[in-house]
Amino acid sequence: YHPGVSCFSSPGISFLEEVNTQAEALFGYGRAELIGQPVDMLVPERFRAGHAQRRSGFFAAPSPRPMGIGLELYARRKDGAEFPADIALSSLAALHPPASGGTEGGLTLAVVHDITGRVRAEDALRHNRDLLLALSRAAQSVQRARAPDEIYRAVGEEIKTLGYETAILALDDDR
């Protein structure tokens with residue numbers, strides 16, 4: 001998998017200056033639809049105000065780093081669909097200095113990864129861990145139980161903590 005890569009400029013309103021073919025595929029736009037457009041077109045509406053503040057913070061001290069450390073980041077496709085993303089930023093000011101001799105701006109490289117698969121895998125791992133813990137607690141309850149109805153209740157309560165309704169049936173193999 002190749003990440004989408006885009007370059008944008010200026011600490012105020014950043015405009016897309018260059019994109020790779022993976023960025024086109026990732027966001028669902030053609031190259032001509034992206035070049036010259038504000039980078040905010042790729043940011044979900046609900047995050048745009050915060051994005052402007054974080055962008056200003058980056059331009060105040062530009063250095064290679066992941067964007068939004070400790071935050072869940074999302075990007076927006078052409079069709080409006082959002083996806084979880086990892087985004088790394090790096091200033092290219094040394095290669096592409098700011099226009100008109102200023103000290104702010106220049107080009108910034110953004111590398112965007114769609115992490116939908118990773119997020120789903122992490123959710124599944126959390127769910128399976130919770131299920132395993134509930135089953136472990138249920139097994140401990142079974143060992144302490146004195147009567148069958150205590151077993152059914154304990155196991156049912158533990159599994160219910162995970163959002164499952166559990167039917168427990170007692171089977172008599174001797175009949």
Restricting the stretch 81-108 to residues that are at pLDDT 55 or above and of a type in the set (S, T, N, Q), the residue that is least open to solvent (accessible area, probe 1.4 Å):
108
Step by step: first the residues of the stretch 148-175, then only those that are within 29 Å of residue 126 (Cβ to Cβ) and of a type in the set (Asp, Glu), then the one that is modelled with the highest pLDDT. Which residue is that?
157
In the set 133, 125, which member is open to solvent by 100 Å² or more (accessible area, probe 1.4 Å) and in a helix (DSSP H, G or I)?
125
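Would you say residue 24 is acidic (Asp, Glu), open to solvent by 40 Å² or more (accessible area, probe 1.4 Å) and at pLDDT 90 or above?
Judged against the criteria, residue 24 is a match.
The values are calculated or read from the model by the stated rules, or taken from the named source; none is laboratory data. Fair warning: this is a prediction, and the values are worked out from it, not measured in the lab. Every residue, glycine as well, gets a Cβ built from its backbone with ideal geometry; the counts of neighbours run over all protein chains shown. Please note that ligands, DNA and RNA were not included when accessible areas were found on the heavy atoms of the full protein model with its side chains. Shrake-Rupley method; radii C 1.70, N 1.55, O 1.52, S 1.80 Å.
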